[in-house]
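Working notes for the structure below.
The values are calculated or read from the model by the stated rules, or taken from the named source; none is laboratory data. Everything quoted here is computed from the prediction, not taken from an experiment. Note that we place each Cβ from the backbone using ideal geometry, even for glycine, and neighbour counts take in every protein chain shown. Remember, those area values only see protein heavy atoms, side chains included, never the ligands or the DNA or RNA. Shrake-Rupley method; radii C 1.70, N 1.55, O 1.52, S 1.80 Å.
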Amino acid sequence: MRKANLFRPESAIPRMSWSPRNLYNLIARSSTGRLVNELNFTKTSMTMYQQRWRSKRMLRGYHGDWIPERRFKRWFLPTSLPSYAPSFLSTVKPLSDADESDHALDSPTPPVKSLFMRDVERRIDTAVFRCCFAHSVYYARSLVLHGKVSLNGNVHRDPGYLLQPGDLLSVEPSCVPMLNGHVAKRVQADRERHAVKKSPPEVQESPTPTKENGDASVMTERSEANASAENGMALSESGESAEGAPAAASEDVKPATNTAEHSEERSKSQHSAQNDLPAGVLPFHLPPFAAPFLFVPPYLDVSFRTCSAIYLRHPTLSTSIIRSRNNNRDSKRPSTEVVYRTDIPSPYPAGGDMFGLAWELYVRNAPRVRSDERRTKHIGRYGHNGFEAARAFEQDRRRVAIRRGWGRKRRIPLPQQPQAPAHASLPNTSQ
């Protein structure tokens, strides 16, 4: 259920949406002084708990605000942060042997704390939004619930399903807003209406009664007389003769008629281009103010011709090494800087304090629940897919058996060794 006042300008919380109101909140969040100072924790009088709570509120407003907090803690909050050990030390080579001792390497701390939102990006509804198949994550969730999204060739209705590497995601083209025929017709009608309003008004010539056997000279004389009568006031003020009136009138009429004809030709060409599409091909139109949101994360391989995408891998960090000479003329030492980039799209910087403060709040207050084990148990009991549910049920029963120690209470009998005869063990006392 969508929240009320989702794009309220007073709070200006960014959301996963292409709405112009959301774009306004993004601009206000980065330009308005009051809103910028809310996330500046370098000089603040707030306590540490208040800083963590505000960071969590802003992050959860964008990453999974449609997921209840209790469900997020139990199912999509990892128990620990993933480890990331980049191997850039083996790839960095000094420029020369003389500069090897002076070679400097500036490596900041990797923004690993930004990866605790990775499971939200693995959700199937979030992946549909990231593929630019929906204008908001709320619409993408409704597509999944209504059975318009297929996973590996089968209709999937669980928006909270976590994608695995290699999964194929496909959406019905008729449900994509940019390919919807009815919306395209409405947008085309609006464009034509605006084009008509912007075009200058056409000069209408006065009707002249003509006879069937009339001469062309009579028609021209009447048109000249009408034009001179219409422009009589302007000609009298300018002092021009009546002989130049028809030429001036004809010069004024030509650009208006040309612009009107040009707009009509343009509308006709657009209509013909829209009507000449092959069978089964829907017209494409882009909603307004969508350019800042048109990007695809690197862990998705999207095919817009087939409205499908492949989930390649889990979101992670990537490194890039930048080499540059030092600007100081006295020192000739080259500077090498390592830049970390995260695959999780977010309006907040990954290396900032917000992700770290939010993770500290969850670590201190969130229940430490093994989400993977709970998910396996839930799928085994209530899963709809038969093979997947049976496999999860067996895994859960095996885990419970190992935890309770089944099979270890009864001692397994060992094979008995053959015993030696009794007389052979007695000492020989006859000697």
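At a glance:
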quantity: Where a residue in region 386-406 is in contact (Cβ under 8 Å) with a residue 24 or more places away in the chain and within 16 Å of Glu373 (Cβ to Cβ) and its partner, wherever it lies, is assigned to a helix (DSSP H, G or I) and open to solvent by less than 90 Å² (accessible area, probe 1.4 Å), with Cβ under 8 Å and at least six apart; calculated: Arg399/Glu373; Arg399/Thr376
quantity: Any chance Val137 is within 15 Å of the chain's Cα centre (by Cα), surrounded by 21 or more Cβ atoms within 10 Å (Cβ to Cβ) and farther than 19 Å from Arg71 by Cβ; calculated: no
quantity: Scope region 112-145; condition more than 30 Å from Pro349 (Cβ to Cβ) and without any contact (Cβ under 8 Å) to a residue 24 or more places away in the chain; matching residues; calculated: Ser142, Val144, Leu145
quantity: Counted residues, region 5-59 - those being among the charged types (D, E, K, R), under 23 Å from Leu361 (Cβ atoms) and not in a helix (DSSP H, G or I); calculated: 2
quantity: Ile67, sole failed condition from (1) closer than 30 Å to Glu373 by Cα; (2) open to solvent by 60 Å² or more (accessible area, probe 1.4 Å); calculated: (2)
quantity: Residues that are under 20 Å from Gly153 (Cα atoms) and in a helix (DSSP H, G or I), drawn from region 380-390; calculated: Gly386, Phe387, Glu388, Ala389
quantity: The listed residue being modelled with pLDDT under 80, open to solvent by 20 Å² or more (accessible area, probe 1.4 Å) and in contact with a strand residue (DSSP E or B) (Cβ under 7 Å, 6 or more places away or on another chain), out of Arg329, Arg325; calculated: Arg325
quantity: Check on Ala134, at pLDDT 85 or above and either in a loop (DSSP other than H, G, I, E, B) or at positive phi (or both); calculated: yes
